1. Can you find even one residue in segment 62-73 that is within 16 Å of ligand 1 (Cβ to nearest atom) and more than 24 Å from residue 176 (Cα to Cα)?
2. Considering only segment 68-183, give the helices (runs of 4 or more DSSP H) lying wholly within it that have at least 3 residues that are among the basic types (Lys, Arg).
3. Only one of 73, 67, 63 is more than 22 Å from residue 148 (Cα to Cα), among the aliphatic types (A, V, I, L, M) and in contact with a Phe, Trp or Tyr (Cβ under 8 Å, 6 or more places away or on another chain). Can you tell me which?
4. Please count how many residues of segment 141-165 are among the aromatic types (Phe, Trp, Tyr) and at pLDDT below 95.
5. Can you tell me which residues in segment 31-43 are more than 16 Å from ligand 1 (Cβ to nearest atom) and surrounded by 12 or more Cβ atoms within 10 Å (Cβ to Cβ)?
6. Quick one: in segment 44-60, which of the residues that are surrounded by 15 or more Cβ atoms within 10 Å (Cβ to Cβ) and without any contact (Cβ under 8 Å) to a residue 60 or more places away in the chain is farthest from residue 158 (Cα to Cα)?
Amino acid sequence: MTLDIVVAFLLGAFTWTFMEYVLHRWLGHDPRFRPNLFAAEHVRHHGEGNYFAPSWKKACAAAVATAVLAGPAAAIAGWATGLGYVVGFVGMYLGYEVMHRREHTHPGFGPYARWARRHHFHHHFTSPRVNHGVTTPIWDWVFGTYRPAGYIRVPAKLQMAWLADTGTGRVRAAYAEHYELVD
Ligand SMILES: [Zn+2]
Ligand SMILES: [Zn+2]
């Protein structure tokens, strides 16, 4: 019983990583599915760099997803296990939100955080057609859109808060190997 709930929780989290890819790649960047509500916010995020959709919109989307998932999950697996699935899904979604925002606002510590930033900023500034995953590269591998991040040229007006020294305006030494500011 307890193992069921843990497995359901992990499965819910894994399902979110797939949704993260689907929403970002097809709703956010595929012209066949635009315009749509997600793309409107996402295009602005790309265009302004430090813009994020308002939290109330995200909370509404999370509430709708919870309501839609809860019934079928409970019908299939029972209330406790079904709830475990939904909590895993929504928990991973919240983790993604925090992580994506921090990628833009704070430098990352450790190999995973550094990888995730380069993966995401390759998407922002080198090619928005690749590297759609934010928390994991799994779905980019599956769908053939994974590209190892190379040297990333960041337009100065879109730069991340942590990238450059505020005094000199130059890329901090720690990041100069991977990032460059351009006009
Ligand atoms: Zn971003
Ligand atoms: Zn994007």
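The values are calculated or read from the model by the stated rules, or taken from the named source; none is laboratory data. Fair warning: this is a prediction, and the values are worked out from it, not measured in the lab. Cβ sites come from the backbone with ideal geometry, for glycine too, and all protein chains shown count toward neighbours.
1. no
2. 110-125
3. After ruling out the rest, the residue left standing is 73.
4. 0
5. Answer for segment 31-43, where residues must be more than 16 Å from ligand 1 (Cβ to nearest atom) and surrounded by 12 or more Cβ atoms within 10 Å (Cβ to Cβ): 33, 34, 36.
6. 58
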